[in-house]
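J.: Below is one structure. I have some questions about it.
The values are calculated or read from the model by the stated rules, or taken from the named source; none is laboratory data. Everything numeric here is computed off the predicted structure, so don't read it as measured data. So basically every Cβ, Gly included, is an ideal-geometry build from the backbone, and we count neighbours across all protein chains shown. Accessible surface areas use protein heavy atoms only, side chains included; no ligands, DNA or RNA. Shrake-Rupley method; radii C 1.70, N 1.55, O 1.52, S 1.80 Å.
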Amino acid sequence: QLEQAASQAVATPVDEAHAYIQQQEAVNMDETSWSEGPHKAWLWTVVSTWVTVFVIRWSRGGKVVRELLGEDFEGMVGSDRWSSYSFLPLDRRQLCWSHLKREFQAFVDRGGESARVGQLLLKEVDLMFTWWHRVRDGTLKRSSFQTYMVDLKGRVHLWLWSGQYGAHAETAATCRELLKVESALWTFVYKDGVEPTNNAAEQALRHGVLWRKSSFGTQSAAGSRFAERMMTVVAT
């Protein structure tokens, strides 16, 4: 009863947080598994500079992304490459370079031609992050960073293109997929407020993951509303 009283007490400001998120110029999104009673569910989060929102839904599909962002959302979305986000225009997406770095390391671990491509890509990623950290620190102008990135982008395109041929089949498939969404790799270079990684959303989910592991999720819809609202309040 106390949980439900608390849940109802914060329902209105949590709804306001949802509305606020839908007006932001840049957000990050992620999701992780959850349980609601016997049902498989998903804990979703949307993170902005000032507000973080959580919802628990039975779906991991694009309809939840649409619900969270609203039909009229015009901002940028940082995420991984999960298909739920694929309906978003590429010029409004930023794919997570932390995920990509792990994929390129997988290229290396496969050996052979795949390893060569992976090593070349990892070298470019390390250089890119070195420059990006200087931009954030204020020791490199964004205009200079954008100039530096022209050649780096060209090299990444070349390594991905070459990775389609002669490499491990899984590596080749990943390279082809990345070339299809290539423009979404570089949004952060030109758009203020956009990060090259999805770390903010992944970090926001950690509290939910610990909750899930310690209490095995929630037992009802009312319990899920309590959990998502409390996490929204605490994270915000």
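J.: With respect to the cross-link table entries K63/K191; K141/K180; K101/K180; K40/K63; K101/K213; K123/K191, which display a Cα-Cα separation exceeding 22 Å?
T.: Pairs exceeding the cut-off: K63/K191; K141/K180; K101/K213; K123/K191.
J.: Might you report the magnitude of the Cβ-based charge dipole of the range 1-120 about its Cα centre, with Lys and Arg at +1 and Asp and Glu at -1, to the nearest 20 debye?
T.: 540
J.: Ranking request for peptides 13-21, 213-221: highest mean number of other beta-carbon atoms within 10 Å first, then the rest in descending order. Walk me through the numbers on the way to the answer.
T.: Values: 13-21: 16.3, 213-221: 13.0.
Top of the packing list down: 13-21, 213-221.
J.: Per DSSP helix of 4 or more residues, -39500 (n - 2.57); summed, then divided by the residues of the chain. What does that give at 222 nm, rounded to the nearest 500?
T.: Details: 9 runs with 138 residues, N = 236.
-19000 deg cm²/dmol, from helical runs alone.
J.: Could you provide, to the nearest whole Å², the per residue accessible area of the range 84-236 with probe 1.4 Å?
T.: On a per-residue basis, 50 Å².
J.: Out of all DSSP beta bridges with both ends in the chain, state the antiparallel percent to the nearest 5.
T.: Numbers: 15 of 22 bridges.
Bridges in the chain that DSSP calls antiparallel: roughly 70 percent.
J.: In addition: Please list, by residue number, everything in the range 25-61 whose backbone N is under 20 Å from a paramagnetic label point 7 Å out along Cα→Cβ of D15.
T.: 46, 51-57
J.: Note down the magnitude of the dipole of the range 78-165 about its Cα centre, charges +1 on Lys and Arg C-beta and -1 on Asp and Glu C-beta and zero elsewhere, to the nearest 20 debye.
T.: Around 220 debye, computed over the range 78-165.
J.: Okay, next question. Could you compute the net charge surrounding L178? Neighbours are other residues with a C-beta less than 15 Å from the C-beta of L178; K and R count +1, D and E count -1.
T.: Taking every other residue near L178 into account, the sum is +2.
J.: Need one value: the accessible area of L179 in square angstrom, 1.4 angstrom probe, rounded to the nearest 10.
T.: 40
J.: If amide hydrogens are placed 1.01 Å from N in the peptide plane, which non-local residues have theirs closer than 5 Å to the one on T197?
T.: Close amide H contacts, sequence-distant or interchain: W97.
J.: By its C-alpha gyration tensor, with a ≥ b ≥ c as the square roots of the eigenvalues, how is the range 5-69 shaped: rounded for a/c under 1.5, else prolate for a/b larger than b/c, else oblate?
T.: Judged from the Cα gyration tensor, the range 5-69 comes out oblate (a/c at least 1.5, b/c at or above a/b).
J.: Could you tell me what percent of the accessible area of the range 156-236 is made up of carbon and sulfur, with a 1.4 Å probe and every protein chain present?
T.: Result for the range 156-236: 59 percent of the exposed heavy-atom area is carbon or sulfur.
J.: Oh, and also: Would you tell me the accessible area of E103, worked out with a 1.4 angstrom probe on the heavy atoms of the protein chains, in Å² to the nearest 10?
T.: Counting only protein heavy atoms, E103 exposes about 50 Å² to solvent.
J.: Could you tell me what percent of the DSSP beta bridges with both partners in the range 1-80 are antiparallel, to the nearest 5?
T.: Expressed as a percentage, antiparallel bridges in the range 1-80 total about 85.
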